[in-house]
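The values are calculated or read from the model by the stated rules, or taken from the named source; none is laboratory data. Bear in mind that the values here come from a model prediction, so they are computed numbers and not experimental data. With ideal geometry, Cβ positions are generated from the backbone for all residues, glycine too; neighbour counts draw on all protein chains shown.
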Amino acid sequence: MGELGPLNFVVERLGARVQGKKTLGVFATIGRVRRMLPAWLLYSATMMPFGVLGRAESELVILRVAALKGRGGGEYELDHHWALGRKAGLIDGEIVAATRVGDGLEPGRHGFHGRRGAMLDVADEIVEFGEVSDAAWDRLASYLSDRECVALVMLATNYAGLATALTVLGTPVDEGW
């Protein structure tokens with residue numbers, strides 16, 4: 001309990017239980033700054049699970065960002081969100097496709113088309129370049145409302161930053177029971 005304080009300790013224990021893990025490293029890591037965990041949880045919850053985008057689409061974007069981050073913190077998020085993606089209704093083939101990386105950065109390398117393809121193409125560009133090309137943005141905007149576009153950008157940048165923070169802070173992948 002030490003570093004986390006009583007409230008963050010309870011939150012971390014409950015989060016781990018819900019996820020079926022011994023510990024929940026993301027909560028334990030962020031919870032070291034006691035005031036930060038509750039605020040971060042509220043902020044994150046506005047993107048997922050209570051975001052503008054649907055759960056399955058949010059999980060696809062998170063999985064894509066995690067795969068692109070790879071050893072830069074993505075391993076933790078991949079482990080965590082693979083199960084969450086399944087709970088959101090994704091099938092293994094969709095998860096595998098969303099996490100396929102290393103084939104070059106051409107649009108559609110993930111195998112998705114239409115709305116989901118445009119979302120993942122934008123996530124690719126955000127993670128790889130820190131910006132989005134006009135062509136990718138125009139394609140995205142043809143499928144998503146302005147509100148959904150903002151939600152997507154915030155989701156992708158949040159999870160890219162989280163993956164980086166977890167690496168820098170040495171957060172290990174959670175142990176299962």
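Taking residues in the stretch 37-52 that are in contact (Cβ under 8 Å) with a residue 12 or more places away in the chain, and partners anywhere that are not in a helix (DSSP H, G or I), the pairs with Cβ atoms closer than 6 Å and at least 6 places apart or on different chains are L37/G31.
Mind listing whichever residues of the stretch 69-95 are modelled with pLDDT under 90 and not charged (D, E, K, R)?
Result: G70, G72, G73, G74, Y76, L78, H80, H81, W82, A83, L84.
Might you check whether a residue that is under 15 Å from M47 (Cβ atoms), loosely packed, with under 15 Cβ neighbours inside 10 Å and modelled with pLDDT of 90 or more occurs anywhere in the stretch 149-161? Within the stretch 149-161, one or more residues are under 15 Å from M47 (Cβ atoms), loosely packed, with under 15 Cβ neighbours inside 10 Å and modelled with pLDDT of 90 or more. Selection of the stretch 60-75 for residues being in a helix (DSSP H, G or I) and either in contact with a Ser or Thr (Cβ under 6 Å, 6 or more places away or on another chain) or without any contact (Cβ under 8 Å) to a residue 12 or more places away in the chain (or both) yields L63, A67.
Considered as a group, the residues in the stretch 13-27 that are touching a Phe, Trp or Tyr at 6+ places or on another chain (Cβ under 9 Å), touching a residue at least 24 places away in the same chain (Cβ under 8 Å) and surrounded by 15 or more Cβ atoms within 10 Å (Cβ to Cβ) include one that is nearest to A98 (Cα to Cα), and that residue is V26. Residue-level check: of (1) exposed (fewer than 14 other Cβ atoms within 10 Å of the Cβ); (2) more than 23 Å from C149 (Cβ to Cβ); (3) modelled with pLDDT under 90, P49 misses just (2).
Among all residues of the stretch 37-59, there is none that is within 18 Å of G170 (Cα to Cα) and either part of a strand (DSSP E or B) or not aliphatic (A, V, I, L, M) (or both). Among the residues of the stretch 111-136, how many are outside any helix (DSSP H, G or I) and not hydrophobic (A, V, I, L, M, F, W, C)? The qualifying residues number 5. Restricting attention to the stretch 113-130, does a residue exist that is of a type in the set (D, E), closer than 22 Å to T29 by Cβ and either modelled with pLDDT of 90 or more or under 13 Å from the mean Cα position of the chain (by Cα) (or both)? No, the stretch 113-130 has no match at all.
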